[in-house]
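Asks: Below is one structure. I have some questions about it.
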Amino acid sequence: MTGQVRTVDGRVAGRRGQATRQKLLDCLSEMLSSSPYRDVKVIDVARKAGTSPATFYQYFPDVEGAVLEIAEQMAADGAGLTDVLANRSWVGKSGWQAAQDLVDGFLDFWRRNEAILRVVDLGAAEGDKRFYKIRMKILNSVTNSLTDTVKELQSKGKVDKEVSAAAMAGSLVAMLAAVASHQKGFQTWGVKQAELKPNLALLVHLGITGRKPTK
């Protein structure tokens, strides 16, 4: 945890207070993985953390406020998805590896943050701008990076200039997010994880380069 952590009334929390606050967030995260978001109550989170509702309210105005804090932390971690694309070549075998690494990154990130991402998606779908902004924060950095990649390939004559770089990148990222959030659903269709990854990477490679991958 970086920077000063403050209580609801503006006081700076000490080391012990910061630990208590983080424990409340950790317990809430665990509860979200097994309970519907709106069924989680402050008293239940406090009890699980071994503290009181009064202590919870020192750090968060309500459960939703704590959920938003977890979501913001997750979004910050999600910025690491762009690291997968940093200084990568999409030519030849390197392009196929880049596509596979991006798919792996998305699927892994969604698996690790499945519970909170489900809440973010729900809030965004209901029109809550706070959750919508968090979702966009996760996706925009990857979209921008892929847009730059397509534009660079276009400047080198490797991708048709009629392709809209932003539209292609945005479509691919939306696809990745949708598939990543539906991984369990694919299993009910008989699609194994080992089959999902290479086929998804193939679509990404075709979208970025316009070519079949060199394996």
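Computed from the coordinates by the stated procedures, all read-outs in this text should not be read as laboratory data. Bear in mind the structure is a predicted one, so any value in this text is a computation, not a measurement. Here the Cβ positions follow ideal geometry from the backbone for every residue, glycine too, while neighbour counts run over all protein chains shown.
Asks: What ratio of Cα Rg to 2.2 N^0.38 Å holds for segment 34-151?
Replies: Scaled against compact globular proteins, the figure is 1.33.
Asks: Oh, and also: Using the structure shown, list the pairs from 23/137; 184/212; 93/197; 133/184; 93/212; 93/158 with a Cα-Cα distance above 20 Å, or answer none.
Replies: Working: 23/137 25 Å; 184/212 28 Å; 93/197 17 Å; 133/184 26 Å; 93/212 11 Å; 93/158 15 Å.
In this structure, 23/137; 184/212; 133/184 lie more than 20 Å apart at Cα.
Asks: Tell me the angle of helix 63-78 to the major Cα principal axis of the chain, expressed in degrees between 0 and 90 and rounded to the nearest ten.
Replies: So the helix axis and the longest Cα principal axis differ by about 30 degrees.
Asks: GNM on the chain, C-alpha springs below 10 Å: top fluctuator among 90, 189, 110?
Replies: Maximum among the listed residues: 189.
Asks: Any idea what angle helix 15-32 forms with the longest principal axis of the chain, computed on alpha-carbon atoms, 0 to 90 degrees, nearest 10?
Replies: That helix lies at roughly 60 degrees to the long axis.
Asks: Nearest 500 deg cm²/dmol is fine: what mean residue ellipticity at 222 nm does the chain get from its DSSP H runs of n ≥ 4 alone, each adding -39,500 (n - 2.57), divided by its residue count? Numbers along the way, then the final one.
Replies: On the way: 10 runs with 147 residues, N = 215.
Per the formula, -22500 deg cm²/dmol.
Asks: Using alpha carbons only, how many degrees (0 to 90, rounded to 10) separate the axis of helix 165-180 from the longest principal axis of the chain?
Replies: Helix 165-180 sits at roughly 50 degrees to that axis.
Asks: Once the Cα gyration tensor of segment 86-130 is diagonalised, what are the square roots of 5 times its eigenvalues, in whole Å and ordered largest first, as equivalent ellipsoid semi-axes?
Replies: Values: eigenvalues 196, 29, 10 Å².
Output for segment 86-130: semi-axes of 31, 12, 7 Å.
Asks: Let me ask you something else. Quick one: order 182, 205 by neighbouring beta-carbon count within 10 Å, fewest to most. Don't jump to the answer; show the numbers that get you there.
Replies: Values: 182 13, 205 25.
Going from sparsest to densest Cβ surroundings: 182, 205.
Asks: Using only the Cα atoms of segment 72-209, what do you get for the radius of gyration and for Dmax, in Å?
Replies: Answer for segment 72-209, Rg first and Dmax second: 15.1, 43 Å.
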